[in-house]
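Notes to accompany the following structure.
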Amino acid sequence: MRILVLGCDGYIGFPLALHLLQKGHSVYSLDSYVRRERVLSIGSDSLTPIATKMDRDHILKEWGMKEPIARVHLGASTVPEIVENVLREFQPDCVVHLAEQPSAPFSQMGVRMASITQSDNVIGTLHLLWAMYQSCPKAHLVKLGTMGEYGTPECDIPEGEITKDCLAKHRDMYGIAPCPMSGLLFPRTPGSFYHASKVMDTINIEFACRNWGLNSTDIMQGVVFGLGPFTEEKLLTRFDYDEYFGTVINRFCVQALIGQPLTIYGYGQQKRGFLTLSDSIQCLTLAIENPAEEGEYRTLNQFENIYSINKLAVLVCRGANKLGIDCGIKNIPNPRNEAETHYYHPEHQKLFDLGYVPTVDIQGEITKLIEQLIPYKDRIIEKVIMPTTKWR
Ligand code: USQ
């Protein structure tokens with residue numbers, strides 16, 4: 001397949017591009033490199049010493065990519081025709097869109113960062129949709145959304161839309177037949193301006209499929225952790241652990257390494273879906289190789305299993321202990337405005353139907369990750385870990 005990867009220099013984008021090249025696909029890629037700049041601007045850096053832009057181009061060329069990563073920014077500051085020209089020239093079968101601002105705390109820092117988040121994400125995706133409509137309307141869009149779009153409602157979360165099954169279950173549980181809502185998007189309740197940007201993307205993509213007949217898979221992804229499948233040093237993906245760009249398991253593993261108590265926000269009973277970076281790449285590849293039908297807007301809930309933050313902290317400490325590292329845990333006031341005790345039962349069957357074989361040994365994965373990070377311990381910048389941005 002001819003696959004365009006937007007956001008090819010990122011945490012998921014770089015190993016995904018390597019994986020797709022390894023499978024024999026023809027890959028073309030874009031990135032603005034803004035993630036590198038933003039992490040440096042908050043005084044942090046990737047824990048893994050990632051290859052320079054030029055070195056990554058060499059590596060990708062060795063792996064079969066014909067052109068270097070094209071430096072293009074997708075957001076509001078870009079002339080939309082630039083994206084259109086790229087698509088017209090490459091004529092992809094599939095466009096994988098990972099080129100968004102991915103951090104909830106970053107979007108809550110203040111009006112400037114909230115505005116950057118929404119103009120990069122919402123307007124960037126809007127530019128892309130128009131560009132696909134004008135130059136490659138048959139191509140399949142695989143877009144990274146987030147499980148955080150749904151929030152934590154007191155009912156089961158279906159995969160994207162309200163299905164007849166979901167209504168029947170509702171009737172059985174509550175003894176009332178709700179009005180006919182089958183086929184509508186399941187309500188979204190985002191928990192940050194970042195998550196809200198993903199909801200707005202969803203609305204625009206679904207409309208583009210319904211209106212223009214584009215086909216898209218919108219991935220509601222859980223929290224990703226780990227270093228992924230390529231662990232040779234020059235192939236390593238970036239690994240962030242700061243308060244903005246680090247996700248919870250990655251941060252906990254780094255805290256364990258430097259003897260800092262793991263920072264559980266609030267009571268720690270909040271639950272999320274998690275998956276390894278290798279699983280995320282496996283799932284994205286399944287979505288790419290099994291496209292949605294013409295005109296279809298398909299949603300996949302993408303995670304392996306659900307864990308509470310308390311449970312994860314215990315797993316990280318156990319992993320650290322196994323490696324002879326002492327580990328402590330500390331509940332700190334929650335900087336976010338989120339439910340800390342809640343019902344959480346999202347469905348996630350469609351990826352299994354496509355052949356997803358999940359990594360199930362989460363304890364093993366966490367212990368392996370801590371061990372993999374030991375050589376980079378001296379690169380940890382302690383002052384960027386504690387949360388300083390509050391939701392209100
Ligand atoms: N948390 C802690 N301690 C920490 C860091 C986080 O208790 O030191 C808690 C948070 O309060 C939250 C949970 O861990 O309840 C997850 O936080 P996170 O920072 O790992 O993830 P989040 O901000 O939700 O965002 C991440 C990715 C985002 C993706 C999302 C999927 O950065 O791009 O969309 O995970 S989900 O969480 O399912 O919405």
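Report note on the peptides 110-117, 61-68, 155-162: ranked by the mean count of other C-beta atoms within 10 Å, highest first, their order is 155-162, 110-117, 61-68.
Each part gets one Cα centre, and for segment 136-163 versus segment 103-121 those centres are 21 Å apart. Averaging 1/r across all pairs of distinct Cα atoms in segment 54-97 and inverting the result yields a Kirkwood radius of 12.1 Å. Full extension of the segment from LYS169 to THR78, taken as 0.36 nm per residue of separation minus the current Cα-Cα distance, would add 28.2 nm.
Put simply, the Cα atoms of segment 13-149 extend 42, 37, 29 Å along their principal axes, the longest span coming first. Just to be sure I understand the model, the point goes 7 Å from the Cα along the line to the Cβ. What's the resulting TRP391 to ILE325 distance in nm? Distance between label points: 2.9 nm.
In this calculation the C-beta distance from TYR133 to SER26 is compared with R0 = 25 Å, giving a FRET efficiency of 0.65. Label point of GLU67 set 7 angstrom out along Cα-Cβ; within segment 13-34, amide nitrogens under 12 Å from it belong to 27-31. Using the Cβ-Cβ distance between GLU382 and LYS234 with R0 = 25 Å, the FRET efficiency computed as 1/(1 + (r/R0)^6) comes to roughly 0.40. Look at the alpha carbon pairs under 8 Å that are at least 6 residues apart: their mean separation over the length of segment 139-235 gives a relative contact order of 45 percent. If the chain linking ASP156 and HIS342 were pulled fully straight, counting 0.36 nm for each residue of separation and taking away their Cα-Cα distance, it would gain 65.8 nm. Ranked from largest to smallest solvent-accessible area, with a 1.4 Å probe on the protein heavy atoms, SER308, SER41, SER182, SER197 come out as SER41, SER182, SER308, SER197. Using alpha carbons only, how many angstrom separate the centre of segment 43-66 from the centre of segment 10-27? One Cα centre to the other: 12 Å. Among beta bridges from DSSP that stay inside the chain, the antiparallel ones total about 10%. Between the alpha-carbon centres of segment 323-392 and segment 182-237 there is a gap of 19 Å. Computed about its Cα centre, the charge dipole of the chain is approximately 720 debye, with only Lys, Arg, Asp and Glu carrying charge at their Cβ. Debye-formula intensities of the chain, expressed as log10 I(q)/I(0) at q = 0.06, 0.08, 0.09 Å⁻¹, are -0.22, -0.40, -0.51 (one equal scatterer per alpha-carbon, no solvent). Ligands, DNA and RNA are left out, and with a 1.4 angstrom probe the accessible area of the chain is 42 Å² per residue.
The values are calculated or read from the model by the stated rules, or taken from the named source; none is laboratory data. If you're wondering where the values come from, they're calculated on a predicted model, not measured in any experiment. Because the Cβ atoms are built from the backbone with ideal geometry, glycine has one as well, and the counts that use them run over all protein chains shown. Calculation scope for accessible area: heavy atoms of the full protein, side chains included, ligands and nucleic acids excluded. Shrake-Rupley method; radii C 1.70, N 1.55, O 1.52, S 1.80 Å.
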